[in-house]
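The structure appears below as structure tokens.
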Amino acid sequence: MNSELEKVVNEIVEQFKVEKEFLCKATQSFVDSMDTGLKHDKSSRDFMPMIPAYVTSIPNGKETGLFLAADLGGTNFRVCSIKLNGDHTFAMEQSKAEIPRDLMKNSTADELFSYLAKKVKAFLCEYHSDVEDEEKLKLGFTFSFPVNQTAINRGTLMRWTKGFDLPDCVDKDVVELLQSNLDKLETNVHVAALANDTVGTLLARAYANNPEETKSNTVIGCIFGTGTNGAYFESLENIPKLDLSTVPKDAAGMVINTEWGSFDNLLQVLPTSVYDEILDSETSNKGFHLFEKRISGMFLGELLRVILIDLFERGLIFQDLYKSRGGSLPHRLSEPWQLSSEVLSYLQIDDSTDLKMSGLIMENVLRLPTNSEERLVIQKITQAVASRAAHLSAIPLAAIVQRVAPTYKDDENDFEVGCDGSVVEFYPGFQANIKEALQLIDPLKGSKKKIHLRIAKDGSGVGAALCAATT
Ligand code: GLC
């Protein structure tokens, strides 16, 4: 690699390194931010929303019944029916549709929700045409955006994340929007519960987990996919902002949707590079969810792209290509959001001679011819961006485990974290890097207990059904 290029790439890689001291400081800052969010009723950019989910107990695996679940969280809308068997197992039917891009932006709440209602109706016709008319099926609605929730089946959208932007939907009750559109189509469905995907993941993993076998208690449900976020069970006395008259008398705690994507929006502790700033400026929720923008699948590819463009503008890569095209770069490289984290996952582990595999991928996906030096740069940057993401992901896990650990002091079990999402499930080395950072932070100092990451498949579907089952 030419020496100037090598120097610059090494500097960037260095900038993306995360040290132990920083991780420990950020974990403490996360714990403090949790407390601030649990105190303040009004949401603010300054702290995590810490949204009460109105779920006051965690499943034990004995729940039974047939429920529907609908899941809007990112690029897809999923409808499922779930039969809980009451023995930690379930049976599920499901259908999935990609959300048309023109319904994510420049459209209206009604158009989006009427599309969703039609998909629910189509699912019922295909799988449950046998359900009797008088039985209203209960539906759990997983809606994975920040919602100001005021009851198990009520909540208004605070703001969009992950590329959605339908301004007229903000402040509207999303349960009402779905229910009214389902009613218009005369479907026999009652939207009984509203849940964030992380709440669903927590409940789904707790249902599937049999602590006698796994010797562990499920304490966090989280997503590392298009976005990132987590939920956990908090004691009522630690949620000063909650109006206790809205909570059943015998409840001891409530599930909290942290919306940790918004951890440290003020950037008091998080590492920030000029590339993070450029990326934020391209998003429709600028200044918000800055933690998520350093971690989740929607942003990893864009960070890589922004860095490559910088190296190009500094005259360090793609110069011959630029000239041979008469003064332009392929539009898939020059336009934002064209690189998915799935592509990065192949670049990350390419060990072919001269990184020829990466070459083919860049040609196919971005129509971008590369030389071997450029491919090496791409791989190094990819690895740096992804390992920073995984290391940062350990912060909320360590903070929450540390916070809930005293509740389990009379119990020998380990802690387990139910995770879902394409990045944690499929990105090579992501889980290993989270674990490495967890060890550095060591949130359970002096204890023999371990923290296990367990993939909670279909968390949002089963979890939403479990929420509906509590109503
Ligand atoms: C975004 C949303 C959050 C969701 C997460 C994972 O951070 O704001 O509600 O849980 O993505 O899908």
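From the gyration tensor of the Cα coordinates in the chain, what semi-axes in whole Å does the equivalent ellipsoid have, largest first, with each one equal to sqrt(5λ)?
Working: eigenvalues 289, 148, 82 Å².
Semi-axes from the Cα gyration tensor: 38, 27, 20 Å.
Please work out the Kirkwood hydrodynamic radius for the stretch 159-298, using every pair of different C-alpha atoms, and report it in angstroms with one decimal place.
18.0 Å
Return the calculated 222 nm mean residue ellipticity for the chain, to the nearest 500 deg cm²/dmol, obtained by summing -39500 (n - 2.57) across DSSP H runs with n ≥ 4 and dividing by the residue count.
Calculated at 222 nm, the ellipticity per residue is -13000 deg cm²/dmol.
Out of the DSSP beta bridges found with both residues in the chain, what percent are antiparallel (nearest 5)?
Approximately 60 percent, going by the DSSP bridge assignments.
Within the stretch 292-394, report the trypsin sites (Lys or Arg not before Pro) that DSSP leaves as loop and that have at most 15 other Cβ atoms within 10 Å.
Arg314, Arg325, Arg367
So if I take the alpha carbon set of the stretch 261-376, get Rg, then get Rh from the Kirkwood formula, what is the Rg over Rh ratio?
That ratio equals 1.00.
In Å², what does the accessible area per residue of the chain work out to with a 1.4 Å probe?
Per-residue value: 42 Å².
How about the stretch 379-471: which GluC sites (Glu not before Pro) there lie in a loop by DSSP and see at most 16 other Cβ atoms within 10 Å?
Within the stretch 379-471, the qualifying GluC sites (Glu not before Pro) (loop, at most 16 other Cβ atoms within 10 Å) are Glu412.
So, in Å, what gap is there between the alpha-carbon centers of the stretch 67-81 and the stretch 166-237?
11 Å
Largest first and to the nearest Å, give the Cα extent of the stretch 321-382 along each principal axis.
Result for the stretch 321-382: principal-axis Cα extents of 33, 24, 19 Å.
By what distance, in whole Å, do the Cα atoms of the stretch 241-286 stretch along each of the three principal axes, largest value first?
51, 23, 14
Report the semi-axes of the equivalent ellipsoid for the stretch 1-154 in whole Å, largest first, where each axis is √(5λ) for an eigenvalue λ of the Cα gyration tensor.
With the √(5λ) rule applied to the stretch 1-154, the semi-axes are 40, 24, 19 Å.
Pairs to check: Lys62/Lys215; Lys293/Lys323; Lys39/Lys215; Lys136/Lys184. Give those whose C-alpha atoms are more than 26 Å from each other in this structure. Intermediate results must be reported in sequence, preceding the final value.
Values: Lys62/Lys215 18 Å; Lys293/Lys323 33 Å; Lys39/Lys215 34 Å; Lys136/Lys184 15 Å.
The pairs that break the limit, which is 26 Å between Cα atoms, are Lys293/Lys323; Lys39/Lys215.
For the pairs Lys162/Lys445; Lys17/Lys450; Lys96/Lys380, flag any whose C-alpha to C-alpha distance is greater than 32 Å. Could the numbers behind the result be given before it?
On the way: Lys162/Lys445 36 Å; Lys17/Lys450 25 Å; Lys96/Lys380 35 Å.
From Lys162/Lys445; Lys17/Lys450; Lys96/Lys380, over 32 Å: Lys162/Lys445; Lys96/Lys380.
Report the dimensions of the stretch 61-118 along its three principal axes from the alpha-carbon atoms, largest first, rounded to Å.
The Cα atoms of the stretch 61-118 stretch 45, 17, 15 Å along the principal axes, largest first.
Taking amide H atoms as placed 1.01 Å from N in the peptide plane, list the residues 5 or more away in sequence, or in a different chain, whose amide H sits under 5 Å from that of Lys105.
Asp165
Express the carbon and sulfur contribution to the solvent-accessible surface of the chain as a percent, rounded to the nearest whole number, probe 1.4 angstrom.
Here it works out to 48 percent.
The values are calculated or read from the model by the stated rules, or taken from the named source; none is laboratory data. As the structure is a prediction and not an experimental result, all values here were calculated from the model. FYI the Cβ positions are ideal-geometry reconstructions off the backbone, even for glycines, and counts take in every protein chain you see. For accessibility, only protein heavy atoms count, side chains too; no ligands or nucleic acids. Shrake-Rupley method; radii C 1.70, N 1.55, O 1.52, S 1.80 Å.
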